[in-house]
Amino acid sequence: MNGQVAVLGGGSWGTAFAKIIADAGREVTVWARRPAVVEAIRRRHNPDYLPGVRLPARVTATGDAVEAITGAELVVLAVPSQTLRGNLAEWAADLHPDATLVSLMKGIELGTTKRMSEVIVETARVTPDRVVVVSGPNLAPEIAAEQPAATVVAGTDADRTALVQSCIRTPYFRPYTNDDVIGCELGGAVKNVIALAYGIATAMGFGDNTRSMLMTRGLAETARLGVALGADPITFAGLAGMGDLVASCSSPLARNRTFGEHLGRGATLDEARVATRQTAEGVKSALAVRDLARAHGVEMPITEQVERVCHEGLDPRIAVDVLMSRTAKPESYE
């Protein structure tokens, strides 16, 4: 590898990930859409997303995506999931012919119900083995502060997966490899939806029993969908499953939980967007995950109710009643 790395997306996780790569010893260029963010990163800061964090000298930035990716053998995609297809269509022709494409995104595409790796393969016209997924309990502010954390690097090509693992291994960030791309991507996408439900319940004043129930049953419906799509159920017991879910539900730093709290206090979708200020991927993914589940005949009651609260204006109190009045069943993934 020639050492050139590009991170496309100058938000909190893209910037934190660039810091990880730099701390692991590689030069990295971040592409950001807004000139103010580009200039801030060049000055070794990103106060809009990671206030108080000083970036390593190995991190630089540009507003020109082609400049960032030209010659880069590792291209990290950290844009909002619903903008990936449009952005990547513009960038694909300039990718290095053997670049490894790393997805940090946790969402399901609206309309197509495709996972992010599938969108990358289709839009960039690359083979699936060139795509690697990074997923886990990775709250950007904590990682940028160098608090100990771990993640999963998932791919079908063992060499590329190992390459990414080596590029992000630092004293504070521990990556594990996995070959279950489907499971890791679904764990990351669906946990955002469950975190919305957790935030709603928290704002409504429900206690630990309710919140524990949401996490546990949320994981169960995630695993049901994963198994239907060919994932390894064991994946959902690991960092990309339970680990990511716990972090996104329990931490006030998690944007989907915070968004859900605004909804639970009675805010409209637009009011919650203004208050949260950052992209809450679970809001749009709720629609896509619901459609994906229906297409495969998988029951996902929490996801169904989150979608109704977010997009159909359902009162959260009614959503709770619907969930609690469902027919009694055995506890299983089936």
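Laboratory data are not the source of any read-out in this text; all were calculated from the coordinates shown. Bear in mind that the values here come from a model prediction, so they are computed numbers and not experimental data. A quick note on method: Cβ atoms are made from the backbone with ideal geometry, for glycine too, and the neighbour counts reach across all protein chains shown.
Here are the numbers for the structure shown:
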item: Members of LYS114/LYS329; LYS284/LYS329; LYS114/LYS191 lying beyond 27 Å, as alpha-carbon distances in this model show; result: LYS114/LYS329; LYS284/LYS329
item: Residue-span extension gain [ILE234 to ARG42] - 0.36 nm each, minus C-alpha spacing; result: 64.9 nm
item: DSSP H segments from the chain that extend 20 Å or more along their own axis, Cα-based, with Kyte-Doolittle mean of 1.0 or above; result: 181-203
item: Gained length - ASP270 relative to LYS329, 0.36 nm times residue gap less alpha-carbon distance; result: 17.6 nm
item: 222 nm mean residue ellipticity, helices alone, for the chain (DSSP H n ≥ 4; -39,500 (n - 2.57); rounded to 500); result: -14500 deg cm²/dmol
item: Within the chain, percent of DSSP bridges classed antiparallel, to nearest 5; result: 20 percent
item: Charge-dipole axis of segment 226-323 as Lys and Arg at +1 and Asp and Glu at -1 on Cβ define it, positive-most pick from PRO233, ALA272, VAL246; result: ALA272
item: Contact order relative to length of the chain, as percent, for alpha carbon pairs under 8 angstrom and 6 or more apart; result: 15 percent
item: Check: segment 243-287 dipole with +1 on Lys, Arg Cβ and -1 on Asp, Glu Cβ, in debye; result: 60 debye
